[in-house]
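What follows is a single structure, written as structure tokens, with notes after it.
The values are calculated or read from the model by the stated rules, or taken from the named source; none is laboratory data. Just so it is clear, the model here is predicted, and its values are computed rather than measured. Methodologically, a virtual Cβ is constructed for each residue, glycine included, from the backbone with ideal geometry; neighbour enumeration extends over all protein chains shown.
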Amino acid sequence: MSVFQSLVFDTTMLDGIADPEARARLWAECFEQIVTGIDMGFAEGDARIIGTHKFLVNETIALGEMFSSSFVGIRTRKHINRDDEDHVYLSFNIGQTAQIGRQLGREIDIQPGQAGLAVMDASTEAIAPSNGHCISLKLPSPIFGEWGLSPVDLACRPLDCSGADYQLLTGYARLLIANGAGLEADSAAEATQHLIKLTGRWLGARDGVQGAEGEEAVYRARLAFVRQTISKQACDTQVSLERVARRLGMPSRTVQHMLAKAGESFSQIVMAARLRRARVYLLDPTHADLSVADIAFRCGFLDVSSFYRAFRAAYDVTPKSLREQAGTLPPE
């Protein structure tokens, strides 16, 4: 279903709970229902834990506007699950105070009017020192592949927010949050694709972003869901076209035809998802205790040699060399 579900939660539900840690824990549980698992705390001694989150969600995106008191949000290995592994999180700072993001050994200072990006299959720390106000957008990673962009390379790095594309994107996002729940399925699919198109244009993927309306917009929304479902299961060594098709409730031939229309195949999506996941493991300092062999097997490869060959062909660097460059070699 492409229709939007509108969800709102705020800290009035915490009235009567005085303990800051208890409030933070319940706030994190609410956030987990919409976006992802996270440990929530507070910064600079501000333990009020107050705020409001408004979300618009369908099978492709989660779009929200969030206002809260000072907070620290931390995602570690225990929070990352298969539903997160193939998504990217964008935060647009529309408030008056700076925010900080940390991931993959990088740190970014997100000033008002700027944005940050994080991949959701790596450990993350987000800090809003006081009264954070932002728009958030959760997108499937395969969309970035269509644009020729690597979310891992964009994570916690400066993004150009100076142009009209960025202003148009944030303006449309807020308009959609306010009105999207009233859209019928076809209109919701078109609105979703338009938001994705604006995001791609802002990030510089102009050659890979094309408009779509009507049946084409619906097809692209379904295609995104198919890619997402395949990618979620890609690290399972038993993954197959038939198994994914059953989960989608579609005949295998239909899935094949949808992918072929986009110039893709099931095996290509599986391999890309496995390699991308392996790259995050190699770059994320919290996985420094894992050997290259451990990572290869976790990502669905049956032997280390084939993993090395595929990884080097995709990224022009060996897994070990990438770790050396990132400083994430396991302890001896």
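Things worth noting here:
- When each of Asp289, Asp294 is tested for being of a type in the set (Asp, Glu), touching a Pro at 6+ places or on another chain (Cβ under 7 Å) and closer than 26 Å to Ser321 by Cα, the lone residue that passes is Asp289.
Residue by residue, here is whether (1) under 16 Å from Gly145 (Cβ atoms); (2) touching a helix residue (DSSP H, G or I) at 6+ places or on another chain (Cβ under 6 Å); (3) surrounded by 20 or more Cβ atoms within 10 Å (Cβ to Cβ); (4) β-branched (Val, Ile, Thr) holds:
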position: Leu175; (1), (2), (3), (4): no, no, no, no
position: Ala189; (1), (2), (3), (4): no, yes, yes, no
position: Arg201; (1), (2), (3), (4): no, yes, no, no
position: Ala205; (1), (2), (3), (4): yes, no, no, no
position: Ala217; (1), (2), (3), (4): no, yes, yes, no
position: Pro251; (1), (2), (3), (4): no, no, no, no
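- Among the conditions (1) more than 29 Å from Glu125 (Cα to Cα); (2) touching a Leu at 6+ places or on another chain (Cβ under 7 Å); (3) touching a residue at least 24 places away in the same chain (Cβ under 8 Å), the only one that Ser252 does not satisfy is (3).
- Residue within segment 164-178 that is among the acidic types (Asp, Glu) and either closer than 18 Å to Phe55 by Cβ or touching a residue at least 40 places away in the same chain (Cβ under 8 Å) (or both) present: no
- Residue pairs whose Cβ atoms lie under 6 Å apart, sitting 6 or more positions apart in sequence or on different chains, and linking a residue in segment 300-315 that is outside the structural domain of Ser150 (by TED's automatic domain parsing) to a partner that is outside any helix (DSSP H, G or I) and of a type in the set (Lys, Arg), do not occur here.
- The one condition from (1) modelled with pLDDT under 95; (2) under 21 Å from Gln233 (Cα atoms); (3) hydroxyl-bearing (Ser, Thr, Tyr) that Ser267 does not meet is (1).
- The set of residues in segment 285-303 that are among the polar types (S, T, N, Q) and either closer than 18 Å to Gln103 by Cβ or assigned to a helix (DSSP H, G or I) (or both) contains only Thr286.
Listed here are the residues, each with its yes/no results for (1) crowded, with 23+ Cβ neighbours inside 10 Å; (2) closer than 27 Å to Thr11 by Cβ.
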{"position": "Thr76", "(1), (2)": "no, yes"}
{"position": "His79", "(1), (2)": "no, yes"}
{"position": "Asp86", "(1), (2)": "yes, no"}
{"position": "Ile94", "(1), (2)": "no, yes"}
{"position": "Ala98", "(1), (2)": "no, yes"}
{"position": "Trp147", "(1), (2)": "no, no"}
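- Subset of segment 102-141 (residues that are within 10 Å of the chain's Cα centre (by Cα), within 20 Å of Asn58 (Cα to Cα) and of a type outside the set (Gly, Ala, Ser)): Val119, Met120, Leu137, Lys138, Leu139, Pro140
- Looking across segment 255-284, the residues that are in contact (Cβ under 8 Å) with a residue 60 or more places away in the chain, part of a helix (DSSP H, G or I) and not aliphatic (A, V, I, L, M) come down to Arg276, Arg277, Arg279.
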